[in-house]
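For reference, the structure discussed in these notes is given below.
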Amino acid sequence: MWSGCRPRRCSSKKCWDMARVTPQDYVIDLGSGDGRTVIAAAKRGARGLGVEYNPKMVEIAARTAAVEGVADKAAFVQGDMYEADISQATVLALFLLPENLRKLAPKFLALRPGTRIVANHFGIAGWEAYETDRTEGDCVSWCTALLYIVPANVGGTWRLSQGELTLEQKYQKVFGTLSQANSRLEIENGRLRGDEISFTAGGVEYVGRVNADAISGELKGSAWTAVRVRR
């Protein structure tokens, strides 16, 4: 993406604190350059993979990881970021142009709900960042970090004991209706944070957790469930 001297990527402690990276995470960096992002994650105990098109940068990243003592946790491969398998990532680190992010967006949505995405400077069009912060160090003018959380897919018709729920979503926002007996209520304030869903219908707040084609949660202190019958 970048030519010449690159500004600092999102490899600072603040970025990884924002993404809550732990030794249980698997971090993938698309367009990983000199590998500093993956190496920084590896120093926190996480496993990481950098995908970089330029083979010389891949060599540099691998050598640096060895010098830093994290070659067992930080791996680098030469490849096309659009073709890379990112399905196992729990955290994605991205320093890409808006056009790159737009093309990759369908792959982001296919990730497991709750996967964290940390974008450096450029955001993902249409998505709302859960956190925005400034990074430290020699980031020049590229100092903004944005945290996104991949939402569950809830679009479709769901059957509840008390009616039928029809949902549409736009990234983290949820819209739709709840049909009960002779009433049809509009969904308000519908939100997703990973697999957590919340919305209000008829002044009543529903909070639940999505697991594929099932939702379970609480409603006025009691349990409620929904099963998807049609996508």
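Do you know which of the residues in the range 1-37 that are hydroxyl-bearing (Ser, Thr, Tyr) and over 19 Å from Val77 (Cβ atoms) is modelled with the lowest pLDDT?
Looking at the filtered set, the residue picked out is Ser3.
Kindly establish whether Gly114 is out of contact with any strand residue (DSSP E or B) (no Cβ under 6 Å at 6 or more places or on another chain), assigned to a loop (DSSP other than H, G, I, E, B) and in the same structural domain as Gly50 (by TED's automatic domain parsing).
Considered against the rule, which asks whether it is out of contact with any strand residue (DSSP E or B) (no Cβ under 6 Å at 6 or more places or on another chain), assigned to a loop (DSSP other than H, G, I, E, B) and in the same structural domain as Gly50 (by TED's automatic domain parsing), Gly114 comes out as yes.
Say we look at the range 190-214 and pick out the residues that are in contact (Cβ under 8 Å) with a residue 12 or more places away in the chain and either in contact with a helix residue (DSSP H, G or I) (Cβ under 9 Å, 6 or more places away or on another chain) or polar (S, T, N, Q) (or both); which of these is surrounded by the fewest Cβ atoms within 10 Å (Cβ to Cβ)?
Among them, the one singled out is Asn211.
Inside the range 156-175, can you point out the residues that are buried (at least 17 other Cβ atoms within 10 Å of the Cβ) and out of contact with any Ser or Thr (no Cβ under 9 Å at 6 or more places or on another chain)?
Once the filter is applied, which keeps residues that are buried (at least 17 other Cβ atoms within 10 Å of the Cβ) and out of contact with any Ser or Thr (no Cβ under 9 Å at 6 or more places or on another chain), the range 156-175 yields Gln169, Tyr171, Gln172.
The values are calculated or read from the model by the stated rules, or taken from the named source; none is laboratory data. Since this is a predicted model, take the numbers as computed values, not measurements. A quick note on method: Cβ atoms are made from the backbone with ideal geometry, for glycine too, and the neighbour counts reach across all protein chains shown.
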